[in-house]
Amino acid sequence: MKIEIRGAEKLSFREKQVVVLKEMGRSNQQIAQTLNISASTVATLYNRARSKGFEVVIVLSGDVLQLFQEEGGQDEK
């Protein structure tokens, strides 16, 4: 799995860090501890990043969702 941020050029380095950690499912408190900043600063950075208009795209390699596997060993027609 790969996370791609479209519009990342609009974001500061710190905003990118917060966005990536948020997309990985981390809480504001966890991000704050990781980056050694306050949870309120995390919230501010994330809201500022959202206002700049970025888009997060998750790229899955191969057939991770198993959309093309045969059910019961037979092809569906």
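Bear in mind that the values in this text are calculations on the coordinates, not laboratory data. Keep in mind the model is a prediction, meaning the values are calculated, not measured. Don't worry about glycine lacking a Cβ; one is built from the backbone with ideal geometry, like all the others, and counts go over all protein chains shown.
Brief remarks follow.
- Cα radius of gyration and Dmax for the range 2-59 (Å): 10.6, 31
- Under 14 Å, Cβ to Cβ, from VAL19 - net charge with Lys/Arg +1 and Asp/Glu -1: +4
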